[in-house]
Amino acid sequence: MNSSRLVKTLQTFSAFLILFLGPLFSVNAQTSDELEDSFEASRPLETQEFTELTEISDDLYMFRFWVYRTIFLVTDAGVIVADPISPQAAGILMEEIRNITDQPIKYVVYSHEHWDHAAGGQIFKDAGAEFIAQENCVDFFRERPNPLVVMPDITFNDFYELTLGGKTIELQYFGRNHGNCLVTMRLPEERLIFIVDIVTPKRLPFRGLPDFWPEDWIRTLREIEQLEFDGVIPGHGPDDEPAVAARSSVREQREFLEDLMSAVKEIYDTGVYDPQVLGDRLELPKYSDWRGYEWLPLNAERIRHYYHLGW
Ligand SMILES: [Zn+2]
């Protein structure tokens, strides 16, 4: 990071329930209005959270909302925004962008289909932005309609070079890994890559690895390791984590997964099939200083299923 302008805004909001409980209730049984009401109803918690804006390089910014992170790129022809995160986040993000530039919001790019990153884009749609996503996201959004998620206008399969005002973001799809339409966003000029959910530096994978495909995840990380970049902007991280992590964080994430899988397999192969017993027995002391180490038994349970079910 060559320059850093850090703007911290103390916000009072109640995103917690919306972000985490939102995806848990059955969508198909509800109409859009009911769903919207449910989101509204799930806001009683008063929590204080930080949002944070970091200037990473000329015209590239990281915006953090609680533990969620997104980026935006300002060009002479308009602004490109990555995940809107949620209606609250997108509203604050829009204000932050307007404090920096009057350029129009031209594009919103989804990292993947999950609502906790893709919701809240309407404010940018209303401002005229076109939405871009890997094509598999469309099926997910059609099957699980969410009034808070704007449908993509532009879709692609493997690769999409997004250029605007002389700047470039390369969107790349690696097949299934987490969800089924996750893309990385590489900025060749800045030598940075924005990676959501499949690389979170020095943190264990989230709890029970929701919608992660372990084998494909490792394969994808190997492919990302072949790309040219010097730093990673992760899609998650608390306030004390920097906006840009070392390139090595991709390899470290892969090595953790490989260590996790082989350690689980070793215990499993001794005849320990009970997830609880297996999780209690597993230790990976090499990673005991990583955030979320207490999730290790949950990680182990997911990997136990991989060996027991073949999934
Ligand atoms: Zn996700």
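Read the figures in this text as sums done on the coordinates, not as results from a lab. Keep in mind that this is a model prediction, so the values were computed, not measured. Cβ atoms come from the backbone with ideal geometry, glycine included; neighbour counts cover every protein chain shown.
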Restrict the check to the stretch 208-219 and report whether at least one residue is over 20 Å from Pro234 (Cβ atoms), touching a helix residue (DSSP H, G or I) at 6+ places or on another chain (Cβ under 9 Å) and part of a helix (DSSP H, G or I).
yes
List pairs: first residue in the stretch 198-220 and on the phi > 0 side of the Ramachandran plot, second residue within 12 Å of the ligand (Cβ to nearest atom) anywhere in the structure, Cβ distance under 8 angstrom, at least six positions apart or on different chains.
Asp211/His114; Asp211/His178; Asp211/Gly179
For the stretch 101-153, which positions are touching a residue at least 24 places away in the same chain (Cβ under 8 Å), touching an Asp or Glu at 6+ places or on another chain (Cβ under 6 Å) and more than 16 Å from the ligand (Cβ to nearest atom)?
Tyr107, Glu130, Phe131, Pro147
Hits in the stretch 186-210 (condition: surrounded by 15 or more Cβ atoms within 10 Å (Cβ to Cβ) and acidic (Asp, Glu))
Glu190, Asp197
For residues that are of a type outside the set (Asp, Glu) and surrounded by fewer than 20 Cβ atoms within 10 Å (Cβ to Cβ), scanning just the stretch 237-248, find the one that is farthest from Thr184 (Cα to Cα).
Pro238
Out of all the residues in the stretch 190-198, is one or more in a loop (DSSP other than H, G, I, E, B), in contact with a Ser or Thr (Cβ under 9 Å, 6 or more places away or on another chain) and of a type in the set (Phe, Trp, Tyr)?
no
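Let's see how each residue does on (1) within 13 Å of the ligand (Cβ to nearest atom); (2) of a type in the set (A, V, I, L, M, F, W, C):
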{"position": "Val196", "(1), (2)": "yes, yes"}
{"position": "Arg207", "(1), (2)": "yes, no"}
{"position": "Pro214", "(1), (2)": "no, no"}
{"position": "Leu227", "(1), (2)": "no, yes"}
{"position": "Pro234", "(1), (2)": "yes, no"}
{"position": "Glu258", "(1), (2)": "no, no"}
